[in-house]
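Written out below as structure tokens is the structure these notes cover.
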Amino acid sequence: MTDSRPYVLYVTGEYPPHRGGIADYTRHLREEIEELGYGVYVLTLEGAEGDGVITIGSWSWPVALQIREIAETHRIDLIHIQYQAGAFDMHPAVNALPTTLSAWLRLPVLTTFHDLRVPYLFPKAGRLRNAVMLRMARASSRAIVTNPGDQRVLDGAEISTNRIPVGPSLPAPTAPPASRNGRRSVGYFGFPSREKGLLDLLAAISRFDASERPRLVLVGAPQPDSGTHQYLSAGQVYEYAVEVDVELEITGYLPPQEASDRLAECSVLSLPFPDGASQRSSALIAALNLGLPVVTTEKDLRSDLDTLTDLPQLMTAPAGDIAALHQEISRAFASDIATAPLPPEFSWPEIGRAHARVYDEALNGNGRQR
């Protein structure tokens with residue numbers, strides 16, 4: 001029987017069993033898109049596994065030739081790049097893909113910008129680095145963003161976008177969250193990072209009196225398996241925890257269900273981003289889905305988190321204000337805070353349907369019909 005399904009090639013810096021937000025995101029999206037009748041191949045780094053997964057050794061200039069060969073061999077109809085500069089080792093070859101592949105293959109090349117960080121070109125590249133990122137967005141058949149902040153940036157550059165949010169990277173806990181009347185703990189989910197405010201969180205917890213100071217439970221691997229990222233080592237985190245006299249537990253990597261259940265044992269979750277919270281963070285979306293109060297930070301919260309600000313479990317302190325963060329965590333311990341489900345657009349089935357609509361538009365615009 002002839003396979004008439006349209007085929008998508010995902011180009012991603014991470015894919016399971018790689019550990020990281022982009023790996024989880026791409027796996028979830030693939031599952032939804034296949035349910036909607038698409039065939040899927042994935043191009044990523046060595047170490048990934050699964051049907052239709054094709055691996056390469058590194059991200060460098062020959063990647064465009066490799067993708068052209070894959071597209072011609074496997075009858076690819078659409079290429080979708082999951083862009084995060086760090087996951088691609090900051091290499092500019094990935095930024096050039098929409099321009100190169102569109103010319104070579106005459107296929108739609110879509111890019112989801114999981115962040116707008118720019119690639120590394122050479123020392124003092126300055127504005128040229130930002131121009132390379134914007135050119136990638138303009139050259140893409142469709143530019144997809146995950147949050148209002150990134151959408152504002154591309155809108156300001158007069159680049160049309162589709163906004164499709166990130167879904168939760170963890171399943172619901174197998175049991176209701178533990179009672180917060182026992183020994184208190186603060187949960188943190190994800191890689192240990194200054195960008196998620198881990199050191200600020202330790203400083204805020206240290207402000208509790210020693211007799212009632214909660215411990216911090218860090219659920220997640222110490223660092224990603226690949227890519228160029230700036231994370232704190234476990235040793236650095238433990239050293240700072242000792243310095244501020246906070247009891248710390250680092251679980252290491254846990255499978256998604258175990259990670260969900262472990263976080264649900266905490267009293268409060270906190271991700272105090274120094275630059276303010278954003279829908280960009282899959283860790284924040286996952287935390288808000290676990291039935292616990294979540295303390296984060298704000299700069300322009302309404303515009304950056306949009307409908308998430310209506311969730312009663314979302315509690316905020318001004319970004320960078322350690323005293324206010326301590327007060328919000330204290331309030332979360334003391335108050336009976338209700339929780340509510342994520343808005344429908346954050347469910348993975350709806351995220352899949354939103355992508356399918358964009359894929360259909362891109363394919364029809366290139367003379368292909370579903």
Worksheet item: Which residues in region 263-297 place their backbone N less than 19 Å from a point set 7 Å from the Cα of residue 336 along the Cα-to-Cβ direction?
Response: 267-268, 291-294
Worksheet item: Can you list the residues, at least 5 places off or on another chain, whose amide H is less than 5 Å from the amide H of residue 162, using H built in the peptide plane?
Response: 143, 144, 145
Worksheet item: Based on the Cβ-Cβ distance from residue 194 to residue 348, what FRET efficiency comes out when R0 is 41 Å, to the nearest 0.05?
Response: 0.90
Practice prompt. For residue 254, enumerate residues with amide H under 5 Å from its amide H, sequence gap 5+ or separate chain, H modeled in the peptide plane.
Written response: 220, 221
Practice prompt. Using label points projected 7 Å from each Cα along Cα→Cβ, tell me how many nm separate residue 254 and residue 307, to one decimal.
Written response: 2.9 nm
Worksheet, complete the sentence: Residue separation between residue 131 and residue 72 times 0.36 nm, minus their alpha-carbon distance, gives in nm 18.2 nm
Fill in: Along principal axes, Cα extents of region 185-345, largest first, whole Å
39, 39, 28
Response to the item:
For residue 216, the net charge from surrounding residues (Cβ-Cβ under 11 Å; K, R +1; D, E -1) works out to +1
Item to complete: Give the angle, between 0 and 90 degrees and rounded to the nearest 10, that separates the Cα long axis of helix 348-365 from the longest principal axis of the Cα atoms of the chain.
Response: 20 degrees
Worksheet item: Between residue 60 and residue 207, how many nm apart are label points set 7 Å from Cα along the C-beta direction?
Response: 5.0 nm
Worksheet item: Which residue, 175, 203, 96, has the most motion in a Gaussian network model of the chain that connects Cα atoms within less than 10 Å?
Response: 175
Worksheet, complete the sentence: Gyration tensor on Cα atoms of region 281-343, a ≥ b ≥ c root eigenvalues, a/c under 1.5 rounded, else prolate if a/b beats b/c, else oblate, says oblate
Response to the item:
Computed, not fitted: 222 nm per-residue ellipticity of the chain from DSSP H runs ≥ 4 (each -39500 (n - 2.57)), nearest 500, equal to -10500 deg cm²/dmol
Worksheet item: What angle do you read, to the nearest 10 degrees and between 0 and 90, between the alpha-carbon axis of helix 127-139 and the longest principal axis of the chain?
Response: 60 degrees
Discussion item. Given a 10 angstrom Cα cut-off, can you work out which residue in 206, 260, 169 is the most mobile in a GNM of the chain?
Written reply: 206
Worksheet item: If one takes the longest principal axis of the Cα atoms in the chain, at what angle in degrees, from 0 to 90 and to the nearest 10, does the Cα axis of helix 234-244 lie?
Response: 30 degrees
Worksheet item: In a GNM of the chain with a 10 Å cut-off on Cα contacts, which of 73, 44, 296 has the highest mean-square fluctuation?
Response: 73
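From Cα pairs below 8 angstrom and at least 6 apart in sequence, can you work out the relative contact order of region 185-345, rounded to a whole percent?
24 percent
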Discussion item. For region 126-177 and region 1-67, what is the centre-to-centre distance using only Cα atoms, to the nearest Å?
Written reply: 19 Å
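Readers should treat all values here as calculations from the given coordinates under stated rules, not as data from a laboratory. Everything quoted here is computed from the prediction, not taken from an experiment. Counting neighbours? That spans all protein chains shown, and the Cβs are built from the backbone with ideal geometry, glycine included.
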